[in-house]
Every structure is written in structure tokens, then in C-alpha cells.
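Quick notes on the structure that follows.
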Amino acid sequence: MRSRAYEAGEQQGSSRGAAEEQQRSSRGAAEEQQRSSRGAAEEQQRSSRGAAEEQQRSSRGAAGEQQWSSRVNEMTV
């Protein structure tokens, strides 16, 4: 009789352990996903910022180029 009660307690303990293990691994996976999403968002932000700066730089270059050619035209006239 005592051994059956002991086995039932043992089984309950192992079920609880498995449930906690699963919860822990789910939580780990969720955190991992959150971390990777955050990383991807930062990566995207960084690349967008880079592209915006690149565009600004090329616009500035084009404006300077245009200004310079206007000056050259004034000098030659």
C-alpha cells in the first residue's frame, strides 16, 4: 500500500518536473525570438539610417556639382 502511494507521489513529481521543464523551454524560446526580433529591427533601423545618410550625401554631392557647373558657366560667359 505504501509503495503504491509512493509511486503515485513519484509520478506526480516527475509530471510537475516535466511541465516546469516545458514552461522553461517555452519561455527560453520566446525570449530568444524576442531577442532576434529586436536584433532584426535594430539591423533594419541601422540600414535605413545608412541608406538615408547615403542618399543625403549623394544629394549634397549633386547639388554641389550643379552649383559648381553654374559658376563655371558664369565665368565662361
Notebook entry, point to check: Which of (i) 83; (ii) 26; (iii) 73 is the computed volume of the Cα convex hull per residue in Å³ for the structure on display?
Noted result: (ii)
Next item on the list: Using only Cα atoms, tell me the angle between helix 2-76 and the longest principal axis of the chain; keep it within 0 to 90° and round to the nearest 10.
Entry: 0
Notebook entry, point to check: Net charge near SER15, counting Lys/Arg +1 and Asp/Glu -1 over other residues with Cβ under 13 Å of its Cβ?
Noted result: -3
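Just so you know, all these numbers are worked out from the coordinates, no wet-lab data involved. Please read these numbers as outputs of a predicted model, since none were measured by experiment. Every residue, glycine among them, receives a Cβ derived from its backbone with ideal geometry; neighbour counts consider all protein chains shown.
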